[in-house]
Structures are given as C-alpha cells and as structure tokens.
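Student: What follows is a single structure, and I will ask about it in a moment.
The values are calculated or read from the model by the stated rules, or taken from the named source; none is laboratory data. All values derive from a computational prediction rather than experimental measurement. Neighbour counts run over all protein chains shown; Cβ positions are idealised from the backbone, glycine included. Only protein heavy atoms, including side chains, enter the accessible area calculation; ligands, DNA and RNA are left aside. Shrake-Rupley method; radii C 1.70, N 1.55, O 1.52, S 1.80 Å.
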Amino acid sequence: MNSAAFLVIAIVTLAGALAAATLPKLIHAALCLIVAFVGLAAFFFFLGAEFVGLVQLFVYVGAVAVLIVFTILLTRRDVGKPDKFNWGGIVVAVAVFGGLLWAILKTPSVAIAAAQIPPLTVKRIGEVLMTNYVWPLQCVGLLLTAALIGALVLVIEEKRR
C-alpha cells in the first residue's frame, strides 16, 4: 500500500472518529462517524478485502449511519447549548487508542509474514454462510427482525400519546 495514501486515510479516519466522539451536536457527530466508516472501508479496499469493504460501505454507511442520522433528525428536541465542554469522549477515545497502540506494539507476530492462502471469493463466502454457518445467519436474521418489530412498537406507542 502506498505510504502517502495510508497516512491520508489514517488521518481522515482518526479525525472523523475523534470528532464523532467529541462534537456536542449529535448530527455533526453522526456525520463525522460516517467519515470514519468510509475511511475504514478504504482500508479494507487497500488491503485487498473488497467484499469486507463493500459490506462496510453498504451496512455501516448505507444503513447504520443513515439510520442514526434519521433517528437524530426525527427525535431531535431543541436543547440549550451545553454549559461546558464534555471531555469524557476525548478521555475514552485516547484511552482506547492508547490501549490498542500498546497491544499492537507488544505483539511479536506483527513482524512475521503470514502464510499464503488462496484468495477468498464472494462465491466461497456464500457457500460457507449457507452450509457451515446457516444457524448463526438465521439467528442474526431473527434478531434483526425482532429489533425492527420492537422499533415499530415503540413508534406506534409514541404516536398514540
């Protein structure tokens, strides 16, 4: 991977994540979270994991982030300006970053080259999901369906009041 491209994507991704954790307005934080998700997808593309990068774009940017933005816009209440800056997000972000950096630097296997494996295709991923992992896939589908029904029940109860 090109070092300059890596640095640009890393800076954009980290800036988006830090801004998402620290901005006081939720809509601005959600939009910065989208920038962090897109940066993460770009890393997957550079690593040659196109399927994971596309899933990152479709699921997180296309669904989760848009859902967060619409939820903020639909349930937003006008709240006064906060009295002081909230340092909690910065403290948590720096602590997580420090812990991850420490774990990466203490791992001896980072310098060891990985063994060559055959390329993973979308066809192979589909075959494995539909044979070996059919129960977890069905459970995730049921969980998402239950979450959708629960969200609809909450919205219907909100409108009745």
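Student: Count, please, the residues in the stretch 1-39 that happen to be open to solvent by 90 Å² or more (accessible area, probe 1.4 Å) and either part of a loop (DSSP other than H, G, I, E, B) or closer than 17 Å to PHE97 by Cα (or both).
Tutor: 7
Student: Same structure, new question: Quick one: which of PHE58, PHE51 is touching a helix residue (DSSP H, G or I) at 6+ places or on another chain (Cβ under 8 Å) and open to solvent by 80 Å² or more (accessible area, probe 1.4 Å)? Break it down into steps so the answer makes sense when it comes.
Tutor: Details: PHE58 fails: touching a helix residue (DSSP H, G or I) at 6+ places or on another chain (Cβ under 8 Å).
From the options PHE58, PHE51, the qualifying one is PHE51.
Student: Right, another one. Within the stretch 63-80, is even one residue surrounded by 13 or more Cβ atoms within 10 Å (Cβ to Cβ), small (Gly, Ala, Ser) and free of Cβ contacts under 8 Å to residues at least 40 places away in the same chain?
Tutor: yes
Student: Then there's this: Specify the residue that is modelled with the lowest pLDDT; the eligible residues are those in the stretch 107-133 that are of a type in the set (A, V, I, L, M, F, W, C) and under 19 Å from PHE51 (Cβ atoms). Full working, then the answer.
Tutor: Of the stretch 107-133, the ones of a type in the set (A, V, I, L, M, F, W, C) are 110-115, 117, 120, 122, 125, 128-130.
Adding the requirement that they be under 19 Å from PHE51 (Cβ atoms) leaves 114, 117, 120, 122, 125, 128-130.
Numbers: ALA114: 73, ILE117: 79, LEU120: 78, VAL122: 80, ILE125: 84, VAL128: 87, LEU129: 85, MET130: 89.
By that ranking, first place goes to ALA114.
Student: If you don't mind, another one. PHE97 is checked against (1) modelled with pLDDT under 90; (2) under 16 Å from the mean Cα position of the chain (by Cα); (3) of a type in the set (Phe, Trp, Tyr) and fails just one. What number does that condition carry?
Tutor: (1)
Student: So, in the stretch 108-131, exactly how many residues are surrounded by 10 or more Cβ atoms within 10 Å (Cβ to Cβ) and part of a loop (DSSP other than H, G, I, E, B)?
Tutor: Within the stretch 108-131, the subset surrounded by 10 or more Cβ atoms within 10 Å (Cβ to Cβ) is 120-122, 124-130.
When the remaining residues are screened for being part of a loop (DSSP other than H, G, I, E, B), the result is 120-121.
Within the stretch 108-131, residues that are surrounded by 10 or more Cβ atoms within 10 Å (Cβ to Cβ) and part of a loop (DSSP other than H, G, I, E, B) number 2.
Student: For the condition in contact with a Gly (Cβ under 8 Å, 6 or more places away or on another chain) and among the hydrophobic types (A, V, I, L, M, F, W, C), what is the one hit in PHE51, PHE58, PHE45? Outline the logic, then answer.
Tutor: On the way: PHE51 fails: in contact with a Gly (Cβ under 8 Å, 6 or more places away or on another chain); PHE58 fails: in contact with a Gly (Cβ under 8 Å, 6 or more places away or on another chain).
Every option except PHE45 fails the conditions.
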